[in-house]
Amino acid sequence: MSDPKQPPHGTGAEGDAPSVLDDGKTTRREFVGTAVVGGTLLAAGFLSLSATAQGGAKASSLEGPSVAPVPIKLQVNGQEHALEVEPRVTLLDALRENLGLTGSKKGCDLGQCGACTVLVEGRRVNSCLTLAVMQQGKRITTIEGLSQGETLHPMQQSFLAHDGFQCGYCTPGQIMSAVGFSREPWGQTDADIREGMCGNICRCGAYPHIVAAVRDGRGKQA
Amino acid sequence: MRPIDYTAAQDVRGALQKLAARPLESAPIGGGTNLVDLMKIHVQNPALLVDINGLPLAEIQEVEGGLRIGALVRNSDLANHPLVRERYPVLSEALLSGASPQLRNMATVGGNILQRTRCAYFRDISQPCNKREPGSGCGALEGFNRMHAVLGTSDKCIAANPSDMSVALAALDATVHVSGPKGERTVAFGDFHLLPGSTPERETVLKPGELITHVSLPASRFAARSRYLKVRDRASYAFALASAAVAIELEGKTIKDARVALGGVGTKPWRSAEAEKALMGQPADEVHFKAAAAAALKSAKPRTHNAFKVELARRTLVRVLALAAGLA
Ligand SMILES: Cc1cc2nc3c(=O)[nH]c(=O)nc-3n(C[C@H](O)[C@H](O)[C@H](O)COP(=O)(O)OP(=O)(O)OC[C@H]3O[C@@H](n4cnc5c(N)ncnc54)[C@H](O)[C@@H]3O)c2cc1C
Ligand code: SF4
Ligand code: FES
Ligand code: FES
C-alpha cells in the first residue's frame, strides 16, 4: 500500500496548488488525497479483522520480524536513487512506497493482472514478481518516465485519443505493456494485439478501445 | 512474504557454494515469477535467496546440429530465436502459449522446468496437501478437481504439471544438464520429473543444492514438422486444460517416426510411448490419429470434475497430429 504521507513523484508542475478552487470545488489533488486516506482506513479496518481471525497477520505485505534493510541503487526513469529496503521488497513496492512512484499499480500482486507492468532494460515485466534488490544496475522505466516533460509519449496520446480506459486503474500497466509490445516481434493484426496484450486485464472491459489505442500508437516513435 | 536474506552469485561455482552454505533453507532465484509468487502466499519459504541471474547461462548455442540452451535464457528469447522457430517450432509455440509476454520476459528455462503445480489446494496453506505438507492429505481427491491430472496420478496426489514448455521438451528428447556439489550430470528429460506415487513432495530428480545449467536438444529429422496445441478456458493467458506437442517424420504419407507428449492432463510432462507406437509405420490419417489418441489416454483415471479432460485430450491430440501432418 502506498504511503499517503509521501507525495507522488513528479507532481512539481502542480506545485503548491490551492486545495480549493474559487468556486469552492475540491481540486483533483485534494480529492485524491482524501480517497487515499479513506482507502487506507478501510484497508486497515479490514486487515485488523482478518488479523484477529488469523492470530496476528500484519497490515502489510511483509510479515514476521524484519531483517536489516540493505542499501541498493535503482536507476529509474533516468535517475539514480539510493534507498534502503529489505531484500524481500518487490520492485513494485520499492517504486511505490520508497520512491513515491505510484503510477505503477498493484492489482493482484501475483503476476495475474499486469497493472504493475514496467520496463526493465526496455522490456516489459511484472514488477510485483521481482525483488528490488535483483534490479540494481538495470534501466527501469515507469509510466512517470514515459513523457518528455510536458509532451506525452505517443502511446499515452493514443490511449487518450481512443479513450482506452474507463476507471483508469489498469491504464499505466496497459500503456507500459503497449510500449513493450511495440518493440517485440508481433504481427500487424488486431489478433496479434489482443494476444500480445493478454497480460493486462481490464476490469472495466475497455478492450476494444485499448486495441484501437495500441494499433494506432505502436508505430509511432517516442 | 517472510523475511529473507539475499545474495547474488556471478558464476556456477559461486552459486553452488552459496546454496551449500545453508543447504536446507536456500533457493536459487531465476525470473522469480513462480518463487516470489509462492513466497507471498507462504507455500515456499526459503530463508536465503541466491540470485543466479548474473551467471553466464543466458546463451543459445548451436552444437552438433542441435541446440544448447542456457538455464537463464528467458522464455521470450527462446521462443523468438530464429533457430528455434525454424527447427523446433513446437518449442516456440509451446512457449508462446504460456503465461503472458511480461512473464515470458522474466521466466527462465530452468525456472519453467521447475515451476510448481497450480493445484488450488497446494496454493492455499489452510488446506491439506501431501505435496506441500507430506501426510496432511489431499484436498483435491474429493474436492474440486476440474484442473487436475488424469494420467500418472496416485491416491496421494493428482496435481497436473502446469508447464507448456516442458511438454515440448519431452517430445523433443531434451537432456537436462545439472551441476551440484558433487559435479555435473545429465538427465534425460523424461526421467527428470517424478510421478507423485507415495511421495508427491518429490517432484524432480534435482537434489537440494543442485542447479540446472543447460538444456540440450539433439538434432532431429522430425522436429521441423512439429506443433503444439493448447486448449484452455479462455483464448490466452490461462493454463492448459489439455495440450499436446507432436513431432512427426513423414515418408510419403507414412509416418516414419513420431513423438507425442501431453500437457494439462499429466502429473508430469507426459510423453506417450503408446501413442508413438500406434503411429509408427502407419498412414498419416484420421483413423490412425484417433487410434494414437485412444492409446495415449488408455490408462487415464478421471475424477469427479475432470472426466471431460479425457475426451478433450484425445481431440487435442488428433487435431495437432493433423496440423503437423499438414492435413488441417
Ligand atoms: C499468472 C501466471 C500465469 C502463468 N501461466 C503459465 C502458462 O500458461 N504456462 C506455463 O507453462 N507457465 C505459466 N506460468 C508459469 C511461468 O511459466 C513460471 O512461473 C516460470 O516459467 C518460472 O520461471 P522463473 O525463472 O520465473 O522461475 P523462478 O520463480 O525463479 O524459480 C522457480 C523454481 O525453480 C528454481 N530454480 C530456478 N532456476 C533454477 C536453476 N537454474 N536451477 C535450479 N533451480 C532453479 C527456484 O528455486 C524455484 O524453486 C504462469 C505464471 C503466472 C504467475
Ligand atoms: S493434488 Fe497434490 S498438490 Fe493438490 S492438494 Fe492433492 S496432494 Fe496437494
Ligand atoms: S499487480 Fe503485478 S500482475 Fe497484478
Ligand atoms: S479501465 Fe478500469 S480496469 Fe481497465
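The values are calculated or read from the model by the stated rules, or taken from the named source; none is laboratory data. Here the structure is a predicted model, which is why all the values come from computation and not from measurement. Please note: Cβ atoms are built from the backbone with ideal geometry, for glycine as well, and neighbour counts cover all protein chains shown. Calculation scope for accessible area: heavy atoms of the full protein, side chains included, ligands and nucleic acids excluded. Shrake-Rupley method; radii C 1.70, N 1.55, O 1.52, S 1.80 Å.
Backbone amide hydrogens, once placed in the peptide plane, bring B:Arg232 within less than 5 Å of B:Leu241, excluding anything fewer than 5 places away on its chain.
Rg then Dmax, both in Å and based on the Cα atoms of chain B: 19.3, 61. For A:Thr130, the residues whose modelled amide H falls within less than 5 Å of its own, excluding neighbours fewer than 5 places apart on the same chain, are A:Leu91, A:Leu92. For B:Asp5, nonlocal amide neighbours, meaning residues 5 or more places apart or on other chains whose placed amide H falls under 5 Å from its own, are B:Leu48, B:Leu49.
Atom-type composition of the exposed protein surface of region B:225-325 places 53 percent of the accessible area on carbon and sulfur (1.4 angstrom probe).
Can you give the % of DSSP beta bridges in region A:70-144 that are antiparallel, to the nearest 5? Expressed as a percentage, antiparallel bridges in region A:70-144 total about 90.
Taking Cα atoms only, the orientation of helix B:308-324 departs from the longest principal axis of chain B by about 70 degrees.
Taking each residue of A:89-97 in turn, how many C-beta atoms of other protein chains fall within 10 Å of its C-beta, and what is the average? Walk me through the numbers on the way to the answer.
Details: counts 1, 4, 1, 0, 1, 0, 0, 0, 0.
Whole-number average of other-chain Cβ neighbours for A:89-97 is 1.
Accessible surface comparison of A:Thr189, B:Thr316, B:Thr175, probe 1.4 Å, protein chains only, largest first: the order is A:Thr189, B:Thr175, B:Thr316.
In order along region B:181-195, the phi-based Karplus estimate (6.51 cos²θ - 1.76 cosθ + 1.60, θ = phi - 60°) of 3J(HN,Hα) comes to x, 9, x, 9, 8, 10, 10, 4, 4, x, 9, 6, 8, 9, 6 Hz; Gly and Pro are listed as x.
Computed on protein heavy atoms with a 1.4 Å probe, what is the summed buried accessible area for the chain pair B and A, in Å² to the nearest 100? Don't jump to the answer; show the numbers that get you there.
Working: alone 14650 and 12730 Å², together 24660 Å².
Approximately 2700 Å², summed over both chains.
Accessible-area loss of 50 Å² or more (1.4 Å probe, protein heavy atoms, chain alone versus all protein chains) is found in region B:31-58 for B:Lys40. For region A:83-99, the Karplus equation 6.51 cos²θ - 1.76 cosθ + 1.60, evaluated at θ = phi - 60°, returns couplings of 8, 10, 9, 5, x, 7, 6, 6, 4, 4, 5, 5, 4, 6, 8, 8, 9 Hz by residue, with Gly and Pro reported as x.
When the Debye formula is applied to the Cα atoms of region B:5-50, each taken as the same point scatterer, what base-10 log of I(q)/I(0) results at q = 0.28 Å⁻¹? With one equal scatterer per Cα and no solvent, log10 I(q)/I(0) is -1.03. Remark: mean inter-chain Cβ contacts per residue of A:137-149 equal 0, using a 10 Å Cβ-Cβ cutoff to other protein chain atoms. Note on region A:70-144: semi-axes of the ellipsoid equivalent to its C-alpha gyration tensor, largest first and rounded to whole Å, are 17, 13, 11. Its alpha carbons give region B:131-223 an Rg and a Dmax of 15.5, 47 Å. The alpha-carbon of B:Lys253 sits under 14 angstrom from the alpha-carbons of these aspartates and glutamates, leaving out residues fewer than 8 places away in its chain: B:Asp285, B:Glu286. Per-residue ellipticity at 222 nm, computed for the protein assembly as shown from helices alone with -39500 (n - 2.57) per DSSP H run of at least four residues, works out to -8500 deg cm²/dmol. Only lysines eight or more places from B:Lys131 in sequence, or on another chain, were considered; those with a Cα closer than 28 Å are A:Lys58, B:Lys18, B:Lys40, B:Lys156, B:Lys182, B:Lys207, B:Lys230, B:Lys268, B:Lys298, B:Lys301, B:Lys309. Just B:Ala293, B:Ala307, B:Ala79 to compare: in a GNM of chain B, with alpha carbon springs under 10 Å, which one fluctuates most? Sorting by GNM fluctuation, first place goes to B:Ala307.
Quick check on region B:225-325: what does the Kirkwood estimate of hydrodynamic radius come out to from the alpha carbon pairs, in Å? Please report the intermediate quantities before stating the final value.
Details: mean 1/r = 0.0745 Å⁻¹.
After inverting the pairwise mean of 1/r, the radius is 13.4 Å.
Expressed per residue, the C-alpha convex hull volume of the protein assembly as shown stands at 162 Å³. Counting only residues at least eight positions apart within a chain, or on another chain, the lysines with an alpha carbon under 16 Å from that of B:Lys256 are B:Lys277.
Quick one: dipole size for region B:1-102, taken about the Cα centre, charges +1 on Lys/Arg Cβ and -1 on Asp/Glu Cβ, in debye to the nearest 20.
That gives region B:1-102 a dipole magnitude of about 260 debye.
One Cα centroid belongs to region B:1-28, the other to region B:82-112; the line between them spans 27 Å.
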